[in-house]
Amino acid sequence: MVRNVIILGSGCAGSTAAIYAARANLKPLVLEGREPGGQLGLTTDVENYPGFVDGIQGPELVENMKRQAQRFGAEYAAETAVEVDLRRRPFTVRSETGSYMAKTLIVSTGASAKMLGLDSEKRLLGRGVSTCATCDGAFFRGKDVIVVGGGDTALEDAIFLTRFAGKVLLVHRRDQFRASKIMIDRATRNPKIEFVFDSIVTEILDPERNEVSAARIRNTKSGAEKTLAADGVFVAIGHVPNTKIFEGQLALDKGYIILLEGSKTSVEGVFAAGDVHDQSYKQAVTAAGSGCRAAIDAEKFLEAEGS
């Protein structure tokens, strides 16, 4: 069986693409991936998605999108694409359990935030630990927070958080930032930001209370340890786009899929949506918008072919 559309990923981008493709009677198949719902599946309160005056839980939002897509005939499979063949159409997508063929492919596999690798970090993710300052900053009004990282993203997050937080502690493992000079200048001039150099976070407290109260850090040169009180920890050490299976088949930039026009990729009939191509915004609403665009582009592509 050759599908009209296969969508890889079930976050905001993937499920929005599924809604539009299903309403166009394309009967899309969505392979949900290893993290069903994407980044929102790991998020608690979402207050900046339009239409939800009192906010909504991330898992609830993506589940609603999935049910909406299914209502129009989209099919979801709890599988992960492990290999693709884009050299000829119909395209072949292989999962751990089988293979599928499709006339068009929408890639919405997202980007995963790099984490510190701490058990306490994992347990407190969405409960005081965040990877998105613009998403969660407003929850920390008047509170003290820690930002971990030393690149442009970390400094941008620290500066952004000063709009809400009482104090921002920027913890960096080296004694110099990797960020651009202009970002360093802006951060050092901000009186709300304090710098903790040559340090790494070794534990986040307190998982037993299900909230962040402090972080233990260790000096990378002296080995000395101390505890910094904080109400939140923002991990800003970068993202990794989930594009490994497309290497050598799609044009990439730092791992992110390059778009040529609209949602079109370097392979005709393959479209991309969401964080898998977005190096700048990484918001639920922009991902949803790009999912809509990809579905419409796929529909037009199939119409032009007479499919």
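Laboratory data are not the source of any read-out in this text; all were calculated from the coordinates shown. Worth saying up front: this structure is predicted, and the values here are computed from it rather than measured. Methodologically, a virtual Cβ is constructed for each residue, glycine included, from the backbone with ideal geometry; neighbour enumeration extends over all protein chains shown.
Could you grab the Rg to Rh ratio for the chain? Cα atoms only, Kirkwood for Rh.
Using Cα coordinates only, the ratio equals 1.02.
Helix-only estimate, please: 222 nm mean residue ellipticity of the chain, summing -39500 (n - 2.57) across DSSP H runs of length 4 or more and dividing by its residues, to the nearest 500. Display every interim value, and only then the final one.
Details: 7 runs with 76 residues, N = 307.
My calculation for the chain gives -7500 deg cm²/dmol from helical runs alone.
Just how far, in whole angstrom, is the stretch 173-216 from the stretch 232-307 if you go by their alpha carbon centroids?
Comparing the Cα centres of the stretch 232-307 and the stretch 173-216, I get a distance of 31 Å.
For the chain, what's the relative contact order in percent, using C-alpha pairs closer than 8 Å and at least 6 residues apart?
Working: 732 pairs, mean separation 64.1, N = 307.
Reported as a whole number, the value is 21 percent.
Find the lysine pairs in the stretch 119-235 meeting two conditions, Cα atoms under 24 Å apart and a separation of 8 or more places or different chains, and report how many there are.
11
Between ARG216 and ARG174, what length in nm is gained on full extension when 0.36 nm per residue of separation is reduced by their alpha carbon distance? All intermediate terms of the calculation are to be shown ahead of the outcome.
Values: separation 42, 0.36 × 42 = 15.12 nm, distance 1.67 nm.
Stretched out fully, the ARG216 to ARG174 stretch lengthens by 13.4 nm.
Compute the label zone of ASP206 within the stretch 107-129: residues whose backbone N is under 19 Å from the point 7 Å along Cα-to-Cβ.
Counting backbone N atoms under 19 Å from the label point, the list is 119-129.
Restricted to Cα positions, what overall size does the stretch 47-162 have along the principal axes? Three whole-Å values, descending.
On the principal axes, the stretch 47-162 reaches 54, 34, 26 Å in Cα extent.
Report, please, the projected area of the stretch 119-235 averaged over directions, based on the convex hull of its C-alpha atoms, in nm².
6.6 nm²
Please list 3J(HN,Hα) in residue order for the stretch 213-229, calculated via the Karplus relation 6.51 cos²θ - 1.76 cosθ + 1.60 where θ = phi - 60°; whole Hz, with x for glycine and proline.
Karplus values, whole Hz, x for Gly and Pro: 10, 5, 9, 8, 10, 10, 6, 6, 9, 8, x, 5, 10, 8, 10, 10, 5.
Cα to Cα, under 18 Å, and not fewer than 8 places away if on the same chain: which lysines meet these conditions relative to LYS300?
LYS27, LYS103, LYS264
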